[in-house]
Amino acid sequence: MRPIKVGMIKRLSTGVRRLDELLAGGVPEGFLVALVGMPGTGKTVACLHFIWAGLRAGESCIYVTTEESRESIIRQAEQFKMDFHSALRDGRLIIIDALMREREDEWSLRNVTVEEMLDKVIAAKRVLGRSCRRLVIDSMSAFWLRAPVRAREQSYVVKRVLNRWGFTIYATSQYAITTGSAFGWGIEHVADGIIHFRRRIVNGVLRRYIIVEKMRQTPHDLRAWEIDIVDGQGLTLRRPLARRIEDEVLPPEVLERIRRVSSEDLL
Ligand SMILES: Nc1ncnc2c1ncn2[C@@H]1O[C@H](COP(=O)(O)OP(=O)(O)OP(=O)(O)O)[C@@H](O)[C@H]1O
Ligand SMILES: [Mg+2]
């Protein structure tokens with residue numbers, strides 16, 4: 001049996017200062033963290049921060065993009081003053097593009113399968129070497145579009161295979177706009193951590209929130225935090241969500257009185 005290493009947990013910065021604080025310093029090295037939620041809630045922006053934090057620390061990184069082109073990712077990063085272009089040119093960043101599927105391109109996927117993605121990621125890791133510790137897969141949902149029932153099994157394969165290569169992984173997963181939840185059994189149980197991205201309309205304005213729902217081996221913050229996505233800056237945490245009357249459990253007799261008064265109002 002291999003000796004089990006126990007000791008201080010090394011944590012990697014998320015690239016978002018307050019989020020690091022919520023996670024007792026950052027994401028534990030070697031973890032697979034699922035970023036889950038509805039469209040437009042900030043998952044991709046959070047992935048860009050995670051990669052940029054690595055690049056700034058002198059690491060090299062891999063980004064798998066399935067729903068946006070490589071160019072779209074570079075442009076989006078540029079809007080937040082993250083220079084992905086130079087990192088690509090200097091050979092410190094490889095963006096594996098599963099959307100455009102350009103035949104000539106070394107880092108494009110021909111078929112959107114987990115097997116081909118894993119092969120490419122390992123090939124990229126061989127090119128980038130030891131300094132490559134961060135991997136983003138944005139999103140995993142693309143791999144099980146036709147077979148949602150395979151989501152859990154494929155997430156497990158991804159975790160098991162990539163764990164040996166020393167990656168710390170951000171993997172996004174989309175939640176259905178109809179139900180606001182996952183398409184069946186997904187990545188959530190396999191993941192070491194879950195950061196849930198939410199949205200709500202308050203007084204006619206779109207508000208976005210994140211909540212750390214799980215982070216193994218971490219005394220993490222349990223509150224929902226309102227986030228902002230700001231041009232030139234990216235994702236910032238504003239404040240924890242205020243307690244609302246709906247969050248409180250009222251005594252049954254009080255609830256009954258409220259119910260009676262409201263039904264009298266209707267008469
Ligand atoms: N330059 C910018 N300045 C301010 N806000 C921006 C800027 N660029 C993007 N956004 C905001 O970020 C949102 C997109 O966030 P993001 O791409 O992270 O969503 P997502 O959770 O990855 O969604 P999906 O599941 O559809 O991929 C946009 O809808 C917009 O509100
Ligand atoms: Mg996205």
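Quick notes on this one:
- For the residue pairs 10/120; 159/214; 10/81, the C-alpha atoms sit more than 19 angstrom apart in 10/120; 10/81.
- Counted by Cβ distance under 9 Å from residue 226, the other residues give a net charge of +3, where Lys and Arg count +1 and Asp and Glu count -1.
- A crude spin-label estimate for the pair residue 179 and residue 56, with each label 7 Å from Cα along the Cβ direction, gives 3.9 nm.
- Potential lengthening between residue 9 and residue 156 on full extension [0.36 nm per residue; Cα-Cα distance subtracted]: 50.6 nm
- Two-site label geometry, residue 147 and residue 111: point separation in nm, points 7 Å out along Cα→Cβ: 1.0
- Two-decimal Rg/Rh across region 11-266, once Rg and the Kirkwood Rh are taken from alpha-carbon atoms: 1.04
- Here the simple spin-label model places points 7 Å from the Cα toward Cβ, and for residue 214 and residue 103 these points are separated by 4.3 nm.
- Extension gain (nm, one decimal) between residue 86 and residue 67, 0.36 nm per residue minus Cα-Cα: 4.6 nm
- Rounded to whole Å, the principal axis extents of the Cα atoms in region 43-170 read 39, 29, 28, largest first.
- Each Cα pair under 8 Å and six or more residues apart adds its sequence gap; the mean of these over the residue count of the chain is a relative contact order of 23 percent.
- Projecting the Cα atoms of 131, 142, 163 onto the charge dipole of region 107-168 (Cβ charges, centred on the Cα centre) puts 131 farthest toward the positive pole.
- Summing Lys and Arg as +1 and Asp and Glu as -1 over all other residues whose Cβ lies under 11 Å from the Cβ of residue 238 gives a net charge of +2.
- Here the sum of -39500 (n - 2.57) over DSSP H runs of 4 or more residues, divided by the residues of the chain, equals -9000 deg cm²/dmol at 222 nm, to the nearest 500.
Values in this text are rule-based calculations from the coordinates and carry no lab data. These numbers come from a predicted model, not from an experiment. Cβ: placed from backbone, ideal geometry, glycine included. Neighbour counts: every protein chain shown.
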